[in-house]
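Readers should treat all values here as calculations from the given coordinates under stated rules, not as data from a laboratory. Owing to the predicted nature of the structure, the values given are computational and were not obtained by experimental measurement. Cβ placement follows ideal geometry from the backbone for every residue including glycine, while neighbour counts extend to all protein chains displayed.
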Amino acid sequence: MDTDTAYGLRLGAPLNELAQVGQGTPYGEVLRRYWQPIALIGDATTRPMKVKVLGEDLILFRTRKGKPGLLHPRCTHRGASLYYGGVEDDGIRCSYHGWVFDTEGHTTEQPCEPEMGLHRDRMRQPWYPVREQYGLIWAYMGPAEKKPLLPRYDTFENLADDEVLIADDNGVGGGGPALLDFNWLQHWENVMDPFHVPILHARFSGNQFTPEMAIIPEVTFDYTPRGVRSVQFRGLGDGRQLRRVTEVMFPNMRVVASPKLTSGQTNMIGWVVPLDDTSFKIFTIARDSDPEFLKKLRSTHEGKAWKDLTEEEHQRLPGDYEAQKSQGDISLHSEDHLTTTDQGVAMLRRMMAKQIKALEKGENPPGVVFDESEMVVAIEGGNYFEDAVAEPATVGA
């Protein structure tokens, strides 16, 4: 009798120290030591906007003079939400009693108080620093004394005359919804899994990219000063090989070259930004001569966009969303059985755990920039076509 059934199965647990992102959680504190993209520049207007980042509800706005601000929504006076506030020249006015806060949370007016508030300087609205760069708004949500410089990336510097920068918050690659409704780690660690590409994106979904991407690659994984890298080799059968380099950079960057195999250094970088423990967005920046580059890059399923698929088609033509969402809202990582092809995922998880310990010791995590001479980060990821390496001659032949 076969007794090895699912009866009595006891499921495991998530790696919450890596997956959770709220204040005080182990990796949530790592994420807060870096600048995070939170919105497109155009999202910050004189109409307050609700923003959720790393489990925190915030209000984004732009003063009439053009300065962006990011404040906690609950007015420090009596708790009314600043979502219903009115934006003015230098700040936002609460709709309840008219207190005004500037973009750094200073209370500048208390109109119901004598002389606009004799002690208004004692009350400050919780706030976070924001910057505008590359078409995105970035926020620093960590301890003020540890605030690093906002880095730049060589991929986006020195644009050609016909090139533009493109910022997007709708994800890339296999389509799917703009707001992803599961844990961010299930997507980020997928970047270090090149072996799913020829299976999921070719054998199951139809060839979503190019014929070359359907080839099972030979892969090496390495630690880098900023994260983990995979180098994938695919013999192309015409005397050439494709060397494809993919990187994850701390704390949540994805450096994945175009699956359409544009040659050379990648022209795009993504950030996997958790909204909370069970939802995230992907912010992407690209440089190209075509402003529609990112929209055209999104793959289809038998010519149909992901959102237009029927339930039967989602089941028959699964993509990244189906594979990652079906792991659960937060995957039960202790149930994973990692093998040799999961080496990159294992290395990433180990390095994440290492950064948690580094913070506990008072050290800085990798890649935070405090020196202006190190502000421009070099990107290696890309598609590189090379002459195939000849097999070594047999001794005595």
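Please find, in a Gaussian network model of the chain (springs between Cα atoms separated by less than 10 Å), the residue of Ser279, Ser95, Ser331 whose mean-square fluctuation is greatest. It is Ser95. Note on the chain: helix-only mean residue ellipticity at 222 nm, from DSSP H runs of 4+ residues weighted -39500 (n - 2.57) and normalised by residue number, equals -3000 deg cm²/dmol. Where the alpha-carbon atoms of the range 40-131 are placed on the principal axes, they occupy 40, 28, 21 Å, in descending order.
Considering only Met253, Met123, Met347, the mean-square fluctuation computed in a Gaussian network model of the chain, springs between alpha carbons under 10 angstrom, is largest for Met123.
Counting Lys and Arg as +1 and Asp and Glu as -1 over every other residue whose Cβ lies under 14 Å from the Cβ of Lys296, the net charge comes to -1. Dipole of the range 83-152 (Lys/Arg Cβ +1, Asp/Glu Cβ -1, origin at the Cα centre): which of Trp127, Trp138, Pro114 lies farthest to the positive side? It is Trp138. When the alpha-carbon atoms of the range 87-222 are used, the pair Rg, Dmax equals 24.0, 74 angstrom.
Since only Ser331, Thr284, Leu179 are under comparison, the one whose Cα sits farthest along the positive direction of the charge dipole of the range 148-387, derived from C-beta charges on Lys, Arg, Asp and Glu, is Ser331.
Taking other residues whose beta carbon is less than 12 angstrom from the beta carbon of Leu242, and scoring Lys, Arg as +1 and Asp, Glu as -1, yields -1. Against the longest principal axis of the chain, how steep is helix 343-360, in degrees 0 to 90 to the nearest 10, with axes from Cα atoms? Once rounded, the angle reads 30 degrees.
About the Cα centre of the range 40-131, how large is the charge dipole given +1 on each Lys and Arg Cβ and -1 on each Asp and Glu Cβ? Please answer in debye to the nearest 20.
For the range 40-131, the charge dipole is close to 280 debye.
Under a Gaussian network description of the chain, with springs only between Cα atoms under 10 Å, the residue in Leu159, Leu70, Leu185 that fluctuates furthest is Leu159. Across the range 148-387, C-alpha contacts under 8 Å between residues 6 or more apart give a mean separation that, scaled by the residue count, equals a relative contact order of 35 percent.
When the pairs Lys260/Lys304; Lys67/Lys354; Lys67/Lys146; Lys52/Lys260; Lys52/Lys296 are compared against a 26 Å limit on Cα-Cα distance, Lys67/Lys354; Lys52/Lys260; Lys52/Lys296 fall above it. Per residue, the average separation of C-alpha pairs within less than 8 Å and at least 6 apart gives the range 182-250 a relative contact order of 26 percent.
Over the chain, what portion of Cα pair distances is larger than 27 Å, expressed as a whole percent?
56 percent
The charge dipole of the chain, taken about its Cα centre with unit charges on the Cβ of Lys, Arg, Asp and Glu (plus for the first two, minus for the last two), comes to roughly 820 debye.
By the rule of a C-alpha distance below 14 Å, with chain neighbours fewer than 8 residues away ignored, the aspartates and glutamates paired with Lys295 are Asp168, Asp169.
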